[in-house]
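Below: one structure, written as structure tokens.
The values are calculated or read from the model by the stated rules, or taken from the named source; none is laboratory data. All figures in this text were calculated on a predicted structure; none of them were measured in a lab. Don't worry about glycine lacking a Cβ; one is built from the backbone with ideal geometry, like all the others, and counts go over all protein chains shown.
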Amino acid sequence: MSAHTLAVTLGDPRGIGPEIVSRAVRLVEAEQGPLDLIVLGPEGYGQDFPRYEAVQSFEGSEVSAGLVAACSIERAVALALEGTVGSIVTAPIHKPALRSAGFSDPGHTEMLRRLTGSSETGMLMAAEKTDFGAPLRVLLATTHVALNRVPDLLNKDLIVSQAKLLNLSLMVEWNIRKPRIALCAVNPHASDGGLFGDEESRVLLPAIEELRDAQIEAEGPIPADTVFRRALKGEFDAVIAPYHDVGIAPFKTVTFGKGVNVTLGLPFIRTSPDHGTAFDLVGTGRADPSSMMEAIRMASYLAQNRFDTLATPM
């Protein structure tokens, strides 16, 4: 095994994770040959995988499902930190199950940050192909929080630090020499000169000035109703969205089945599909493995750039 070995977690065993992982692995291997991976999940689920680690028994309850999901993540992180794997691909978890099992992390991103002791992480939604053909990459400055908390969380330092993290990742893992980053506005029409709020003048404009002083190409604030279209036309390599849904809604509209969640700032690569557990699709044969396939492909691609080409920021 090497830095390019993947650890894949099956997620909540009640959801579509086990079946989409199985199907995605078969389809990707049919395209590019055998994958070097270790699959992690509950006892009794490993028949489809040559290398499988059972991390916990599963007896059907929500608590048990949350425990299996959490233990799988913990084991995958341990494998990555010891150097056995270079990438982690995670199938969807159910946040209430995680909470019922005693874990307070709001989701994967926060749990991975805690387990690795990373000082900062970023939640990047990335699709190298969209319905418009061009790539779309959207970093969420604030993640799983209520909308009424966003104004208190947004500040210049957050935007600057997230933009720097994004800029470095685009250079090192995407091999983009001089990334172009757009800052999406918070308020309608970028506040129209202060008529609809002051986050643009108080937070985003000072952040852009600081980023430009650091030789980072940042533009904005650009209204949400135009910035994503401009990114899809190739004007920007990535967009920073101020809160979850203003970034996720347009992203999934043009990328569904092609999008991947990438966690920035970790000592290893982590990707996941851009959908949830889809309990209603389990066993119907209608669960689409496309996003999981993209997550596996992207994990391999990003790991190759980080660990092989050792791209140097320019």
Among the candidates PHE268, PHE236, PHE256, PHE196, single out the residue that is on the phi < 0 side of the Ramachandran plot and in contact (Cβ under 8 Å) with a residue 60 or more places away in the chain. PHE268
Residue in region 39-50 that is among the β-branched types (Val, Ile, Thr), over 21 Å from GLY276 (Cα atoms) and either modelled with pLDDT of 95 or more or touching a helix residue (DSSP H, G or I) at 6+ places or on another chain (Cβ under 7 Å) (or both) present: no
When (1) part of a strand (DSSP E or B); (2) more than 21 Å from VAL254 (Cα to Cα) are applied to ALA126, the one that fails is (2)
Tally, over region 137-181, of residues that are assigned to a loop (DSSP other than H, G, I, E, B), farther than 14 Å from THR263 by Cα and among the β-branched types (Val, Ile, Thr): 2
Listed residues ARG26, ARG51; which is in contact with a strand residue (DSSP E or B) (Cβ under 6 Å, 6 or more places away or on another chain) and of a type outside the set (Gly, Ala, Ser)? ARG51
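Assess whether GLY259 counts as being at pLDDT below 95 and out of contact with any Ser or Thr (no Cβ under 9 Å at 6 or more places or on another chain).
Values: at pLDDT below 95: yes; out of contact with any Ser or Thr (no Cβ under 9 Å at 6 or more places or on another chain): no.
Criteria not met by GLY259.
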Looking at (1) surrounded by 19 or more Cβ atoms within 10 Å (Cβ to Cβ); (2) within 18 Å of LEU170 (Cα to Cα); (3) of a type outside the set (Asp, Glu), which one does GLY220 not meet, given that it meets all the others? (2)
Between a residue in region 207-222 that is free of Cβ contacts under 8 Å to residues at least 12 places away in the same chain and any residue that is among the hydrophobic types (A, V, I, L, M, F, W, C) and buried (at least 19 other Cβ atoms within 10 Å of the Cβ), which pairs come within a Cβ distance under 7 Å, given they are 6 or more apart or on different chains? ARG212/ALA218
Among the numbered criteria (1) at positive phi; (2) surrounded by fewer than 16 Cβ atoms within 10 Å (Cβ to Cβ); (3) not in a loop (DSSP other than H, G, I, E, B), which one does SER201 miss? (1)
Go through region 69-118 and give me each residue that's surrounded by fewer than 23 Cβ atoms within 10 Å (Cβ to Cβ), in a helix (DSSP H, G or I) and among the hydrophobic types (A, V, I, L, M, F, W, C). ALA70, CYS71, ALA78, LEU79, LEU81, MET111, LEU115
